[in-house]
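Here, each number is a calculation from the coordinates, and none is a lab measurement. On a predicted model such as this, the values are computed, not experimentally measured, just so you know. In this analysis, Cβ positions are derived from the backbone assuming ideal geometry, glycine residues included, and neighbour counts consider all displayed protein chains.
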Amino acid sequence: MTRVERRRGGRDTLLKGGRIVDPSRNMNDIGDVLVRDGKIESVGGKIAGPDGADVIDCKGLVVSPGFVDVHCHLREPGREDVETILTGARAAAAGGFTAVCAMPNTDPVTDNQAAVGFVLKQGRAANAARVYPIGAISIGQKGEQLAEFGEMVGAGAVAVSDDGKPVVSSQLMRTALEYARAFGIPVADHCEDPTLAAGGAMNEGLVSARLGLRGIPSEAEEIMAIRDILLARRTGGHVHLCHMSTKGSVELIRWGKDRGIKVTAEACPHHLSLTEDAVEGYNTHAKMNPPLRTMADVEAVRAAVKDGTIDVIATDHAPHHNDEKARAFADAPNGIVGLETALAVNITWLVKPGVLSITDLIDRMACAPARIFSLPGGTLAKGAAADITVFDPTAEWKVDAAGFKTKGRNTPYAGMMLTGRVHATLVDGQVVHRA
């Protein structure tokens, strides 16, 4: 399957009277969108739909390019008890995501063309959000020997990453950037110095000291971030820095971009909304890697998302079994589910306070990720794949994890009132989720 192959056909769809927001075309107007044969046929103004078209009333709703998540964990193969590609793709659609990129830290690791092909096959069968595999940087994610990039890209991988583990060897990272450049794909790195982070369970600071938990200093992230930026400068390769969380990392990314280095970066909704204080009471649903940081870090990352220093908002969706999260804090696994809360968290903590406009948010969640990872979507231009998200930016709802499409229930937002809810998600013109 190529990156644009998909199921096509079916009924025409007319989205009526919505607020069309498409940053890729500088569009923010009330109007209609006509979808025909899986593609955008016409956008804007009043459109007389063809007979038999499925009409969706979008009055009071935002119609945007479909969201693209460049960083999620779908757990299949190996941990189907906590998530499958089917449940993950359905959760993505429910969260307004028309495409997700699946990280390779599965069992076995997605480090060869057969494994990449398996992820694509399961994604097609799910018939929900598109699923794009990310191949491993190293064989078995052991950080020793480079995986075969060419074969994985040929099979459909859209990037490489050892996410979940840092690439400790600078020589291996350099070689990865050189090889990835030849195939035109980004190298997405989990920035963590394992010697500084060893044994850490949360951010190093006053809260960790009070709780008696070993902390992870911000330098553990920043040392690897600047190393990757310098290696990207040396090689000319494209490094994508995953889940940035500190003020120092923001300053380093800005330094790199100011010098024309090919560095892009992502931040996650939880690092844009919560601080280390969420760990109080030893709440394992607030345990993640990188850890929740200080308010000064949160404010710096928000500012970086606003000015484009951080290009993308990605979920780092990481489901775990309830029994695993019920362990003592230091022993519980890192990660939270995020696909079905991302939009609302971003609107609640970024749009409502005026940090981002709706246009900026859509750019960071749809246009920029599609562009950076060279994926279809990210636009409502005529002839583009009809990957569309329709959402209500004012709808308030209470987070109830029991109603999630994902198998995971590990969310720090349970019981909170959030603003912003997905109304419909279309992939290749087909409605794959409708509230």
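For the cross-link pairs Lys46/Lys405; Lys325/Lys398; Lys165/Lys306, which exceed 26 Å when the distance is taken from alpha carbon to alpha carbon? Present the calculation step by step, with values, prior to reporting the outcome.
Numbers: Lys46/Lys405 35 Å; Lys325/Lys398 22 Å; Lys165/Lys306 28 Å.
Among Lys46/Lys405; Lys325/Lys398; Lys165/Lys306, the Cα-Cα distance tops 26 Å for Lys46/Lys405; Lys165/Lys306.
Rank these for me by crowding, His285, His270, going from fewest to most other beta carbons within 10 Å. Don't jump to the answer; show the numbers that get you there.
Working: His285 20, His270 26.
Arranged by neighbour count, lowest to highest, His285, His270 become His285, His270.
With a point put 7 Å past each Cα toward its Cβ, work out how far Arg214 is from Ser374 in nm, to one decimal.
It works out to 4.1 nm between the two label points.
Using θ = phi - 60° and the Karplus relation 6.51 cos²θ - 1.76 cosθ + 1.60, list the HN-Hα couplings for the range 317-332 in order, rounded to whole Hz, with x at every Gly or Pro.
3, 9, x, 9, 6, 4, 4, 5, 6, 7, 6, 4, 3, 5, 9, 6
Quick one: Karplus J couplings for the range 259-276, per residue in order, coefficients 6.51, -1.76, 1.60, θ = phi - 60°, nearest Hz, x for Gly and Pro?
Taking θ as phi minus 60°, the curve returns 9, x, 6, 7, 10, 10, 8, 10, 10, 9, x, 5, 7, 9, 10, 10, 10, 4 Hz for the range 259-276.
From the Cα gyration tensor of the range 90-228, with a ≥ b ≥ c the square roots of its eigenvalues, which class applies: rounded if a/c is under 1.5, or else prolate if a/b is larger than b/c, or else oblate? Intermediate values should be presented prior to the final figure.
Values: a/c = 2.46, a/b = 1.43, b/c = 1.73.
Judged from the Cα gyration tensor, the range 90-228 comes out oblate (a/c at least 1.5, b/c at or above a/b).
Simple spin-label model, 7 Å along Cα-to-Cβ: Met417 to Glu251 in nm?
About 3.9 nm separates the two model spin labels.
Using a Gaussian network for the chain with springs between C-alpha atoms less than 10 Å apart, which of these wobbles most: Thr315, Thr175, Thr406?
Top of the fluctuation ranking is Thr175.
To the nearest 500 deg cm²/dmol, what mean residue ellipticity at 222 nm is calculated for the chain from DSSP H runs of n ≥ 4 alone, each contributing -39,500 (n - 2.57), summed and divided by the residues? The partial results should precede the final answer.
Details: 14 runs with 121 residues, N = 435.
Rounded to the nearest 500, it is -7500 deg cm²/dmol.
Taking amide hydrogens as modeled 1.01 Å from N in the peptide plane, which residues meet the under 5 Å criterion relative to Arg214, leaving out close sequence neighbours?
Here the answer is Ala201, since their amide H atoms fall under 5 Å of that of Arg214.
Please give me, ordered by residue number, the trypsin sites (Lys or Arg not before Pro) of the range 238-269 that lie in loop per DSSP and have at most 11 other Cβ atoms within 10 Å. Working shown, then result.
Details: sites: Lys247, Arg254, Lys257, Arg259, Lys262; in loops: Arg259, Lys262.
Answer in residue order: Arg259.
For Lys59 paired with Ala296, estimate the spin-label separation in nm (one decimal), with each label point 7 Å from Cα along the Cα-to-Cβ line.
Each label point lies 7 Å from its Cα, and together they span 5.1 nm.
Read phi for every residue in the range 53-70 and hand back ³J(HN,Hα) as whole Hz from Karplus 6.51 cos²θ - 1.76 cosθ + 1.60, θ = phi - 60°, with x for Gly and Pro.
These are the phi-based 3J(HN,Hα) values: 5, 7, 9, 10, 6, 10, 4, x, 10, 9, 10, 9, x, x, 5, 10, 9, 8 Hz.
For each of Arg124, Arg434, Arg36, count neighbouring Cβ atoms within 10 Å of the residue's Cβ, then give the residues from fewest to most. Numbers along the way, then the final one.
Details: Arg124 16, Arg434 13, Arg36 19.
Least to most surrounded, the residues fall as Arg434, Arg124, Arg36.
Which option, [x] 24, 55, 21, 0; [y] 20, 39, 23, 13, 4, 0; [z] 28, 60, 12, 0, is the value of P(r) over Cα pairs in 20 Å bins from 0, in percent that was calculated from these coordinates?
[z]
So if each residue of separation counts as 0.36 nm, and I subtract the Cα-Cα distance between Ala330 and Asn283, what length gain in nm does that give? List each step's numbers first, then the result.
Numbers: separation 47, 0.36 × 47 = 16.92 nm, distance 1.07 nm.
Contour length minus Cα-Cα distance gives 15.9 nm.
Test of the criteria: in the range 140-193, which trypsin sites (Lys or Arg not before Pro) are in a DSSP loop and have at most 11 other Cβ atoms within 10 angstrom of their Cβ?
Values: sites: Lys142, Arg174, Arg181; in loops: Lys142.
Answer by residue number: there is no such site.
Cut-off under 13 Å on the C-alpha distance; same-chain residues fewer than 8 positions from Lys39 excluded. Which aspartates and glutamates are left, in chain and number order?
Glu5, Asp12, Asp387, Asp428
Tilt of helix 247-258 relative to the longest C-alpha principal axis of the chain, in degrees (0 to 90, nearest 10)?
That works out to roughly 70 degrees.
Please give the length that would be gained between Glu80 and Lys46 if that part of the chain were fully extended, namely 0.36 nm times their separation in residues minus their C-alpha to C-alpha distance (nm, one decimal).
Length gained, Glu80 through Lys46: 7.6 nm.
Loop only per DSSP, at most 11 neighbouring Cβ atoms within 10 Å: give me the GluC sites (Glu not before Pro) in the range 104-209, ordered by residue number. Walk me through the numbers on the way to the answer.
Values: sites: Glu144, Glu148, Glu151, Glu178, Glu192, Glu204; in loops: Glu144, Glu148, Glu192, Glu204.
Passing sites in the range 104-209 are Glu144.
If I take R0 = 22 Å and measure r between the Cβ atoms of Asp37 and Asn127 in this structure, what FRET efficiency does the formula 1/(1 + (r/R0)^6) give, to the nearest 0.05? List each step's numbers first, then the result.
Values: r = 17 Å, r/R0 = 0.79.
Once rounded, the FRET efficiency stands at 0.80.
Compute the length gained on full extension between Trp397 and Ala303: take 0.36 nm times their separation in residues and subtract their Cα-Cα distance, giving the result in nm to one decimal.
Working: separation 94, 0.36 × 94 = 33.84 nm, distance 2.66 nm.
Here the answer is 31.2 nm.
Residues of the range 226-259 with the amide nitrogen closer than 20 Å to a label point 7 Å from the Cα of Glu178, along Cα-to-Cβ, please.
What the label zone holds, given the 20 Å backbone N cut-off, is 227-240.
Would you mind counting up the charge near Val312? Only other residues with Cβ under 10 Å from its Cβ, with Lys and Arg at +1 and Asp and Glu at -1. Present the calculation step by step, with values, prior to reporting the outcome.
Working: positive: Arg364, Arg371; negative: Asp69, Glu266, Asp311, Asp363.
Result for the neighbourhood of Val312: -2.
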